[in-house]
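Reading through the structure tokens given below for one structure.
No lab work stands behind these numbers, since they all come straight from the coordinates. Predicted, not measured: the structure shown is a model, and the values here were computed from it. Cβ atoms come from the backbone with ideal geometry, glycine included; neighbour counts cover every protein chain shown.
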Amino acid sequence: MERVRIGVVGCGAIGQAHLSVWSQIEGASIAAVCDTARPRAEETASKYECAAFADVGEMAASGQIDAVDICTPSGLHARQGLVAAEQGLHVLCEKPLDIDYGRARELVELCDSRGLVLSCVLQRRTYAGAQAVTQACHEGRLGRLISCSAYVKWWRDQAYYDSSAWRGTRALDGGVLANQALHALDHMVWIAGPVSAVDYAVAETRMHNMEAEDFLVAAVRFESGAHGIIEATTCCNPPLCSRIEVFGERGAAAFDDASVVQFGYGGVDYTDSVRDVDSRLGGRAEAMAISLQGHANIAADFVEAIRQGRKPIVTGRDALVSVAALRDIYLAATPTTREGRRPRRPE
């Protein structure tokens, strides 16, 4: 395969960001775009000189693409991915793989059974410093892990949630944990392993007019034996940096976003050896104020995984672990509304 023909599903803000990345990826070409708002699809298609569709099934069956890049609201990811995989197309999803664990698992199993590449935009996993620290944890150089925690104290104004009807809904977006803190949650399970139990969780809507939570705190246990806290909010103004902290019996590490800011074990400081040039993710106050370098890393790797017949850096099964943690934390959480109603929980 000389060039992988990409069909981008969703021509909103994140879809446009992905298109800007795809236009620079060697070995790929933008062959089609899809959006339920046909005028937006046609306008985008005109810009990139590709085909326009208003239905993902029609695009998937067109024979014009080899893979889809799904950039729609989170609750649509797996359903649209399944439509594409049924047509034998490779699938890349924006994070998370889906809000619903059952649908996400179905997508993973279908892609595995058909030998299709399935990946997810969990870009922290592409940075060399984060990879080195995680490998050290897995190899036991920090000793037995004791704690792995995450803190995401960001800001979104009400206009952000009002900008689209799906934002802040449980069915399509999820709250702060499923949206803004998903990268941190994935980072935790990447380091410390799957969540085995949720000891405590509270999710509340504190400041915004929205269905899902804008504040969440949970205490979890990992299969590795480590404990951890995750605190996430879009109520913190000015916003603070997303932070991960992990320590074991022999060492510790800390991240600001995906950047290693401290790392050492056995009494030796190795921080300087694992610093990345720039792995800041951004997005503390503005959703689109994000670095696209990690997206480019994921896109390029996805293309090469297809061309070489290998697994991508982030597999569907990798991405499924954070969806399982998302499910378990939400199931354990107390009511999320100001009125004290217990919401319907995801399956």
So E58 and L331, fully extended at 0.36 nm per residue minus their Cα-Cα distance, gain in nm 94.7 nm
Restricting to lysines and to Cα separations under 27 Å from K47, and discarding same-chain partners fewer than 8 apart, the set is K95
Footprinting proxy, W166, W22: sorted fewest to most Cβ within 10 Å, the residues are W166, W22
Filtered hits (aspartates and glutamates, Cα-Cα < 14 Å from K153, offset >= 8 within chain) -> E213, D214, E231, D256, D257, E286
Looking only at aspartates and glutamates whose Cα falls under 13 Å of K311's and that sit 8 or more positions away or on another chain, we get D112, D301
Out of A78, G12, C111 - ranked by how far each Cα lies towards the positive end of the dipole of region 1-139, with unit charges on the beta-carbon of charged residues - the top one is G12
Once Lys and Arg are counted +1 and Asp and Glu -1 for all other residues with Cβ under 10 Å from that of V33, the total becomes -2
The rounded separation in angstrom of the Cα centers of region 43-76 and region 106-150 is 28 Å
Along principal axes, largest first, the alpha-carbon spread of the chain in whole Å comes out as 56, 49, 37
With the dipole of region 142-242 defined by +1 on each Lys or Arg Cβ and -1 on each Asp or Glu Cβ, the option from A165, S196, F215 whose Cα lies farthest towards the positive pole is S196
Quick calc, the chain, dipole around Cα centre from Cβ unit charges on Lys, Arg (+) and Asp, Glu (-), nearest 20 debye, gives 480 debye
